[in-house]
Every structure is written in structure tokens, then in C-alpha cells.
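**Student:** After the C-alpha cells below, expect a handful of questions from me.
Nothing in this text is a laboratory measurement; each read-out follows from the coordinates by a stated rule. Bear in mind the structure is a predicted one, so any value in this text is a computation, not a measurement. Glycine gets a Cβ as well: all are built from the backbone with ideal geometry, and neighbour counts include every protein chain shown.
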Amino acid sequence: MDHDPLASLPDHAVENRRYWNADAANWVASGERNWAQPDPTWGIWGVPERALGLLDGLESGMRAIELGCGTGYVSGWMARRGAVCTGVDLSEAQLATASRLAGEHGVELTLHHGSAEATPYADASFDFAISEYGAAIWCDPHVWLREAHRLLVPGGRLAFLGHHPFATVCTPWDGSPVGETLVRPYFDLHRTDWRHVPVEPGGVEFTLPFEGWFALFREVGFEVLDVREPRPSADDRGQRFFVDAAWARRWPSELAWKVRKAG
């Protein structure tokens, strides 16, 4: 019997692979919309690239990797800017959508079925790395940030966006949308298991308090270039996933980092 390279995944990765394979069909339509966009927009509030700049430093001809690529639209956006792109994801169902849409849009991507915590690529294989709600929240930062650092050339950039720790600490124990009460201990933030909550059970997510992020960047060898807290526009109304627009105009729901490998 052939050895399964995913057989030794940690428990959170096994669960997240199962979760995203089961839910992949629900993300096809949004993947199609994002692939069709001429210009990138980011996160649940659709913040334009010109305002957030997650692709700052990406130049034509660079080797770029998307860690937790899902339907692959971020890789598609980078490829259209002239980058040579690789997407990594644990969900084979998500990668099937990514492959189909890349073909339909005439974009050449390398897609790898595996974990962003342990990729098969050599040291310094990439100039640029990115994650939008991929490895950024579904992988253990103490593991995937080290892997991203290993993959980048000295001076290579990493940009990633996910939940803000404020949103996590204000999420009720039952998994319902964020509220105005501090619920979870801030300084203990790391792993949040949503598998057994009564409201929209999901996978296993990760985040850190701010001092935890900065300490980890220093330990791994990343220099912080910028940190941003994207928010909805004045025209946004109603609920988006786990947060209401009115809440997110008062408190940060998302967090974006831009860092550079020292050297």
C-alpha cells in the first residue's frame, strides 16, 4: 500500500481537512466571483487592494506561494500580476475548484495537496508568501510561520489576514456572532475548537494576542513592516459571517500583517 503523506497530520489538520472537504461546495460561487474580479479585494469586508496593500512588494517574475489557497483566487490575482504561483491546501475538494477555475481563466498554477505547516518545497524557494483566511487561521502559527520563513528567500515578504483577537474574545461560547461582552480570556488565545458549538459548528482555528504575534515574529526571524485592522465601509450593512458591520465599525474584526524575512 502506498504511504499517505497526510496520514500523520496533527488532529487540528485532520479535522480542518474533513470540514473543508465537506463544506467546499458552499464556496464555489464565491470562488467564481473572486476569480472574475479584475482587482483584488480582501477579507469579509472586501477592502480594496489599493487601501490595504497585501500585495505590496510582489513583482512580475517572482515566485509566490499561497498557504491555504482554497479556491485559489488569490493565487490567480498574483499570477495575473506576473508572479509564478503555487497554492497549497489540505482540502482536495477545494483544490478541485481551484484547478477548474484556473483552467477556465487561462491561469497557470501549481497546486499542491498538503498542509501549509509542512510543505515539500526546498528552503528559499519563494520570494513572496500570502494567506487570506487560509493558514492564517486554520494552522498553528507556531508551526506555519516557521514553515513560511523557511520557504522564503532572505528579504522575502509574507502577508496574511484573518480574525482579529478582539473578535475571538467577544465570540460567545455557543459560537453565535460576536457581541459587546468580553467572553474568552485574551492572554490565553491560541487554539479555538468550534467542532462542538451549537451555532454553526466548524473546525479548529488559531489566533494570538498582539504580544504573542510580536514575540513569535521575533523568535522566527520576521521583521514587521505593517499591521492593519480592516473595517467595513460606511455603506456596509448587516451580518457577514461571524460579525455585524455596525460592530466592526466600532471594534476590529480582522487583522492583517505584512512581515519580511530578516537577512
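**Student:** To the nearest 0.05, what FRET efficiency results for ALA124 and ASN21 with a Förster distance of 35 Å applied to their C-beta separation?
**Tutor:** 0.65
**Student:** Under the classification rounded if a/c is under 1.5, otherwise prolate if a/b is larger than b/c and oblate if not, where does segment 34-178 fall, given a ≥ b ≥ c as square roots of the Cα gyration tensor eigenvalues?
**Tutor:** rounded
**Student:** If a/c stays under 1.5 just call it rounded; otherwise compare a/b with b/c (prolate if a/b is bigger, oblate if not). Do that for segment 148-263, with a ≥ b ≥ c from the square roots of the Cα gyration tensor eigenvalues.
**Tutor:** Because a/c hits 1.5 or more and a/b exceeds b/c, segment 148-263 counts as prolate.
**Student:** For segment 46-110, compute Rh as the Kirkwood radius over C-alpha pairs and then the Stokes-Einstein diffusion coefficient at 10 °C and 1.306 mPa s; write the answer in µm²/s, rounded to an integer.
**Tutor:** The calculation lands on 132 µm²/s.
**Student:** Relative contact order (percent) for the chain, with alpha-carbon contacts under 8 angstrom and 6 or more residues of separation? Intermediate values should be presented prior to the final figure.
**Tutor:** Numbers: 521 pairs, mean separation 47.3, N = 263.
It rounds to 18 percent for the chain.
**Student:** Something else: Go through segment 178-194 residue by residue and turn each phi into a ³J(HN,Hα) via Karplus (6.51, -1.76, 1.60, θ = phi - 60°); whole Hz please, and just put x for glycine and proline.
**Tutor:** 4, x, 9, 10, 6, 10, 9, x, 5, 6, 8, 4, 6, 10, 10, 9, 9
**Student:** Related question: Stretch ALA96-HIS196 to full length: gain in nm at 0.36 nm per residue minus the Cα-Cα span?
**Tutor:** 33.2 nm
**Student:** Once fully extended, how much extra length lies between ALA215 and ALA29, figured as 0.36 nm per residue of separation less the alpha-carbon to alpha-carbon distance?
**Tutor:** So the extension gain works out to 63.1 nm.
**Student:** Among the chymotrypsin sites (Phe, Trp or Tyr not before Pro) within segment 19-115, which fall in a DSSP loop and have no more than 13 other Cβ atoms within 10 Å of their own Cβ?
**Tutor:** none
**Student:** Another question about this same structure. How large is the helix-only mean residue ellipticity at 222 nm for the chain, computed as the sum of -39500 (n - 2.57) over DSSP H runs with n ≥ 4, divided by its residue count, in deg cm²/dmol to the nearest 500?
**Tutor:** -9000 deg cm²/dmol
**Student:** Here's something else I'd like to know. Could you list the square roots of 5 times each eigenvalue of the Cα gyration tensor of the chain, that is, the equivalent ellipsoid semi-axes, sorted largest first and rounded to whole Å?
**Tutor:** Numbers: eigenvalues 134, 87, 84 Å².
One finds semi-axes of 26, 21, 21 Å for the chain.
**Student:** Restricting to Cα pairs below 8 Å that are 6+ residues apart, what does the relative contact order work out to for segment 27-74? Please round to a whole percent.
**Tutor:** 42 percent
**Student:** Before anything else, pin down the relative contact order of segment 59-186: Cα pairs under 8 Å, at least 6 apart, normalised by residue count, whole percent.
**Tutor:** In percent, rounded to a whole number, it is 22.
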